[in-house]
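S.K.: Please see the structure below; I have some questions.
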Amino acid sequence: MATYSIQSGAVAPATHTATCGGETTPDVPITLKQDAITSAQSFLDSHPETKHHFDEVTKLINGFESPYGMELLSTVHWVVTHGCAGDEINPDDVVSKVHSWSERKAQMKPVHIKAALKRLCDEQWLNKVAPSL
């Protein structure tokens, strides 16, 4: 089981931050270890703007905390923000675009894709796009 820490914008191996079930068990939630929670809480307490963003992400991913759920949310977000034109989003078109992405993403269940789309819409994340690098 791998654990990772985000340091200076790069992902680096770590032994103290988070654990998850890995590729073979995509339904296992990602969880933080206690010392990581304490450290993160201390940091967030002294950075209110970051805490606000963290709270928004926490609300978005509630119920999607597994590796599969995170991939699902991020995939649907990318498809809609980069591959759908106009204000009207057709859920069946989103399913089709996700499924055409790769063989693995074609295995994502339409009901899951639509649930992720609903969450992204409900939490108003479809107008949020990461800056280009």
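S.K.: Using a 1.4 Å probe over the heavy atoms of the protein chains, calculate the carbon and sulfur portion of the accessible area of the stretch 69-131 as a whole percent.
M.R.: Exposed carbon and sulfur together represent 53 percent of the surface.
S.K.: Pick out, from Thr81, Phe43, His99, the residue whose Cα sits farthest towards the positive end of the charge dipole of the stretch 35-133, with +1 on the Cβ of Lys and Arg and -1 on the Cβ of Asp and Glu.
M.R.: His99
S.K.: When the Kirkwood hydrodynamic radius is evaluated over all pairs of different C-alpha atoms of the stretch 94-133, what value in angstrom, to one decimal, is obtained? Don't jump to the answer; show the numbers that get you there.
M.R.: Numbers: mean 1/r = 0.0891 Å⁻¹.
One decimal place: 11.2 Å for the Kirkwood radius.
S.K.: Can you give me the orientation-averaged projected area of the convex hull built on the Cα atoms of the stretch 59-133, in nm²?
M.R.: 5.2
The values are calculated or read from the model by the stated rules, or taken from the named source; none is laboratory data. Small disclaimer: the values here were computed from a predicted structure and weren't measured. A quick note on method: Cβ atoms are made from the backbone with ideal geometry, for glycine too, and the neighbour counts reach across all protein chains shown. Side chains included, ligands, DNA and RNA excluded: accessible areas come from the protein's heavy atoms. Shrake-Rupley method; radii C 1.70, N 1.55, O 1.52, S 1.80 Å.
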